[in-house]
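Okay, structure first, notes after.
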């Protein structure tokens, strides 16, 4: 007799649950979708922020590499600049004046080379630091000695033994200096 009832009701109707519908509550579905949407928006914003931070960090690293990439080479070239300067400084003015034309041409060529070399260093961001008369700064200067001098403020650079160099904002080599002692506080 059940078979007759099943045949009358049509196929599958007997298998359908009898009772309240099992469809989810639309408000619960909406709340779940809104929560998922909020979560996805949050993830998207965090990912975008991470990407922006990565872009900025990469730009800074590229700029630093461009600015400071020649640091080791420039540091090695400072010895060349120092030796060239010392060679020119050790030719007395009176010897230059009485030198023959070939020696004077050689000296002029060395002076031109020194100026050209300095300008090329500057083109790559390497600047010479000549702190004569400035207040001693341990970040930029290396004090080799103190010199008693009442005429200048205490802690003033009175003598530059070897100039310093900076590249960008970094010290390539500190200036080697003599510092005043005994004058008024500066």
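Restricting attention to segment 129-141, the residues that are surrounded by 15 or more Cβ atoms within 10 Å (Cβ to Cβ) and assigned to a strand (DSSP E or B) total 2. Is at least one residue of segment 76-87 in contact with a helix residue (DSSP H, G or I) (Cβ under 6 Å, 6 or more places away or on another chain), over 23 Å from residue 169 (Cα atoms) and surrounded by 10 or more Cβ atoms within 10 Å (Cβ to Cβ)? Taking every residue of segment 76-87 in turn, at least one turns out to be in contact with a helix residue (DSSP H, G or I) (Cβ under 6 Å, 6 or more places away or on another chain), over 23 Å from residue 169 (Cα atoms) and surrounded by 10 or more Cβ atoms within 10 Å (Cβ to Cβ).
Identify the single condition in (1) surrounded by 13 or more Cβ atoms within 10 Å (Cβ to Cβ); (2) within 30 Å of residue 156 (Cα to Cα) that residue 67 does not satisfy, given that it satisfies every other one. The single condition residue 67 does not satisfy is (2).
In segment 157-174, the count of residues that are loosely packed, with under 11 Cβ neighbours inside 10 Å, touching a strand residue (DSSP E or B) at 6+ places or on another chain (Cβ under 9 Å) and assigned to a loop (DSSP other than H, G, I, E, B) is zero. The single condition among (1) part of a loop (DSSP other than H, G, I, E, B); (2) more than 31 Å from the chain's Cα centre (by Cα) that residue 112 does not meet is (1).
Within segment 77-93, does at least one residue satisfy the condition of being modelled with pLDDT under 85 and closer than 30 Å to residue 114 by Cβ? Steps first, please.
Initially, segment 77-93 is screened for residues modelled with pLDDT under 85, giving none.
Checked segment 77-93: no residue is modelled with pLDDT under 85 and closer than 30 Å to residue 114 by Cβ.
Among the candidates 48, 33, the residue that is exposed (fewer than 12 other Cβ atoms within 10 Å of the Cβ) and modelled with pLDDT of 95 or more is uniquely 48.
The values are calculated or read from the model by the stated rules, or taken from the named source; none is laboratory data. Here the structure is a predicted model, which is why all the values come from computation and not from measurement. Heads up, the Cβs are rebuilt from the backbone with ideal geometry, glycines too, and the neighbour counts pull from every protein chain shown.
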